[in-house]
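Here the structure comes first, spelled out in structure tokens, and everything after it is commentary.
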Amino acid sequence: MLKHGILGLLNYGSMSGYDIVRIFKQSLSYFWQAQTSQIYRELQTIKKNGWATDETIPQDGKPDKKVFTITENGKAELKRWLTEDSVEFEPRSPLMMKTFFRGELDIDENIDYFEKLQNDSYAFAYKMSSDPPNIEKYAGLLDDPMKALYWKMTIEYGTMYSKMYRQWVENCIKHLEELKYENSGD
């Protein structure tokens, strides 16, 4: 899936690996997480598959820059992936699997666990709100600014999902604290 996200970015124009990582973190990270090393590894796979080419651009006083360009085969692969019918709601969740069995642990361990999830969710929400994607800026660079509407829809999804997740974690903590209070005999 990551390689198709990278192909999608390259379809907008040639980019260096650094540009791809930067744009990925400003846009796709709302719904897909990837490390810089994963992106660079996928770029090599994309090149090996003939979906992109690269060109080394010399720079004065800096390391040479490698710029990737999508090929016709890469555009065909992106279109094939976009039109395949395999996308459906994915109910698999390691978080839910662990939550289902957390009754095997004591209440304090579980409160600590959900508080960590809560802290992580607030950190993610802060990161997303402190570095909001500049859809208008990027839309102006496209040959079809209407594509930015789809970017906006994915960002809305990520924002709404993040809010729901935080509410769910808060409810879990509340349920556990109520149970702990009831069991304390106070």
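The values are calculated or read from the model by the stated rules, or taken from the named source; none is laboratory data. None of these values were measured; they are calculated from a predicted model. All Cβ positions, glycine included, derive from the backbone under ideal geometry; neighbour counts span all protein chains shown.
Going through region 24-42 one residue at a time, which ones are in contact (Cβ under 8 Å) with a residue 24 or more places away in the chain, more than 18 Å from S162 (Cα to Cα) and either among the aromatic types (F, W, Y) or surrounded by 16 or more Cβ atoms within 10 Å (Cβ to Cβ) (or both)? Of everything in region 24-42, those that are in contact (Cβ under 8 Å) with a residue 24 or more places away in the chain, more than 18 Å from S162 (Cα to Cα) and either among the aromatic types (F, W, Y) or surrounded by 16 or more Cβ atoms within 10 Å (Cβ to Cβ) (or both) turn out to be I39, E42. Among the residues of region 148-169, those that are farther than 15 Å from S29 by Cα and either among the hydrophobic types (A, V, I, L, M, F, W, C) or touching a residue at least 40 places away in the same chain (Cβ under 8 Å) (or both) comprise A148, L149, M164, Y165, R166, W168, V169. Please verify whether T45 is assigned to a strand (DSSP E or B) and among the polar types (S, T, N, Q), treating the condition exactly as stated. So T45 fails the test. The helices (runs of 4 or more DSSP H) found wholly in region 84-186 and carrying at least 1 residues that are at pLDDT 90 or above and surrounded by 11 or more Cβ atoms within 10 Å (Cβ to Cβ) occupy 107-130, 147-183. For region 53-63, the criterion of being touching a helix residue (DSSP H, G or I) at 6+ places or on another chain (Cβ under 8 Å) and not assigned by TED's automatic domain parsing to the domain that holds I155 is met by at least one residue. Per the conditions (1) in a strand (DSSP E or B); (2) more than 18 Å from L2 (Cα to Cα), the sole criterion not satisfied by Q59 is (1).
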